[in-house]
Amino acid sequence: MKKRVALFFGSFNPIHIGHLALANHIAEYGGVDEVRFVVSPQNPFKQNKSLMDDTLRVEWVRRAIGDYPKFSVTDIELSMPKPSYTSDTLERLSALEPDVEFLLVMGGDNLVAFSGWRRYEWIMANYPILVYPRLDGPTEIPTEWRSRMTLLENAPRVEVSSTFIRNSILDDKDVRFFLPIQIWHDVSKEVKEKLR
């Protein structure tokens, strides 16, 4: 039986407790062996001028996940052409690890735009998709996609974002409990140095 690895894509700018709580839930209740954080250099649908250094964001994820055996991180997208597309990354990972069954983790807010993703039909045909509900997005999977998508109805919904954390730091707010304590000081320092 193939190892099942759920791929959690994101800029993780920075990684926070919401990311970790969701990934932990998927690792323990999602029927997978591992959750792998895929640190993305730039989302093709977003122009983010406040994106922190790529290698720093990968390092923050490494430190945040610590020695939890069901988590890992990859920087594979950092060496791929930009902008990075999910389909290209899935194809590359599958070629590198043919004995692994990869699943895609996707926020419910992406359901509306999913048909605009590059090669979305190919993604759906080849990779099971785990959809986590967002407070600001749809909570129902379209009927025609239900055979390939699973809604994680009981996944935690943490109302926090990386943007909120960065803005709070710039406003001199102490929001250390919104992200792993082992990266708080470095994130705070880096945000103030880069974005002020």
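The values are calculated or read from the model by the stated rules, or taken from the named source; none is laboratory data. Keep in mind that what you see is a predicted model, and the values were worked out from it rather than measured. As a convention, Cβ positions derive from the backbone with ideal geometry for all residues, glycine included, and neighbour counts pool all protein chains shown. Side chains included, ligands, DNA and RNA excluded: accessible areas come from the protein's heavy atoms. Shrake-Rupley method; radii C 1.70, N 1.55, O 1.52, S 1.80 Å.
Okay, here's what the table says:
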read-out	value
Under 5 Å, built H, 5+ apart or other chain: amide partners of residue 130	104, 105, 106, 150
Inter-label distance for residue 28 and residue 174, nm, one decimal - labels placed 7 Å from Cα along Cα-to-Cβ	2.9 nm
Ellipsoid equivalent to the stretch 122-196 - semi-axes via the Cα gyration tensor, in Å	35, 13, 11
For the stretch 68-196, with +1 on Lys and Arg beta carbons and -1 on Asp and Glu, the positive-most of 93, 170, 132 along the dipole	170
Equivalent ellipsoid semi-axes, the stretch 5-153, via Cα gyration tensor eigenvalues times 5, rooted, Å	22, 18, 17
In order through the stretch 182-187: 3J(HN,Hα) via Karplus (6.51 cos²θ - 1.76 cosθ + 1.60), integer Hz, x for Gly, Pro	5, 10, 3, 4, 5, 5
Zone of residue 158's modelled label, taken as backbone nitrogen in the stretch 1-26 under 18 Å from a point 7 Å along Cα→Cβ	7-26
For the chain, size of Cβ-based charge dipole, Lys and Arg +1, Asp and Glu -1, in debye	280 debye
Candidate aspartates and glutamates for bridging to residue 192, where Cα separation is under 15 Å - those fewer than 8 sequence places away on the same chain excluded	53, 171, 172, 174
Rough spin-label spacing in nm, given labels placed 7 Å along Cα→Cβ, for residue 167 and residue 59	2.8 nm
Label-point separation, residue 21 to residue 82 (7 Å along Cα→Cβ), nm	3.2 nm
Helix-only CD estimate at 222 nm, as mean residue ellipticity for the chain, using -39500 (n - 2.57) per DSSP H run (n ≥ 4)	-10500 deg cm²/dmol
With Cα atoms, 0 to 90° folded angle of helix 17-29 axis to the chain main axis	30 degrees
Principal-axis tilt of helix 86-96 within the chain, Cα atoms, nearest 10 degrees	70 degrees
The stretch 90-196: GluC sites (Glu not before Pro) in DSSP coil with no more than 11 other Cβ atoms inside 10 Å	140, 153, 159
Coil-residue trypsin sites (Lys or Arg not before Pro) of the stretch 1-107, DSSP, other Cβ within 10 Å capped at 13	2, 46, 49
Hydrodynamic radius by Kirkwood, which averages 1/r over all alpha carbon pairs of the stretch 17-96, in angstrom	13.8 Å
In Å², nearest 10: area of residue 25 left accessible to a 1.4 Å probe	40 Å²
